[in-house]
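First up is the structure itself, then whatever we jot down about it.
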Amino acid sequence: MANPFVHVELNTTDVEKAKSFYGQMFDWKMEDMNMGPSDTYTVIKVGEGTGGGLLKNPMPGVPSSLSQASYQRGSRRPPRPPPPPP
């Protein structure tokens, strides 16, 4: 399996700044989805490859990210997740 990661989420304290930075840096397309009266989830569309999402960190001051990996059924074990960010 070339790329076992199927979805990556970035939690940030400044959603608009992160959208601008990653959109310009990697030419990613962002699509906001309404998640209720006070929350928005931003879908990151990268073209080909692993996409993801971006949202306001629910616990400011605490590093947070989420990576979801897929593995082939019947393989000995799933790939190890990456270490948490520093």
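Glu31 sits among other residues whose Cβ lies under 14 Å from its own Cβ, and their net charge, with Lys and Arg +1 and Asp and Glu -1, is +2.
Tally Lys/Arg at +1 and Asp/Glu at -1 over every other residue whose Cβ is under 15 Å from the Cβ of Gly49; what's the total?
Values: positive: Lys29, Lys45; negative: Asp27, Glu48.
Within the 15 Å Cβ shell, the charges total 0.
In whole Å, what three semi-axes, largest first, describe the equivalent ellipsoid of the range 5-54 built from its Cα gyration tensor (square root of 5 times each eigenvalue)? Provide the component values of the computation, followed by the final result.
Numbers: eigenvalues 63, 34, 18 Å².
Sorted largest first and rounded, they come to 18, 13, 9 Å.
Bear in mind that the values in this text are calculations on the coordinates, not laboratory data. Nothing here was measured: the structure is a model prediction, and the numbers come from that model. Here the Cβ is made from the backbone with ideal geometry for all residues, glycine too, and neighbour counts use every protein chain on show.
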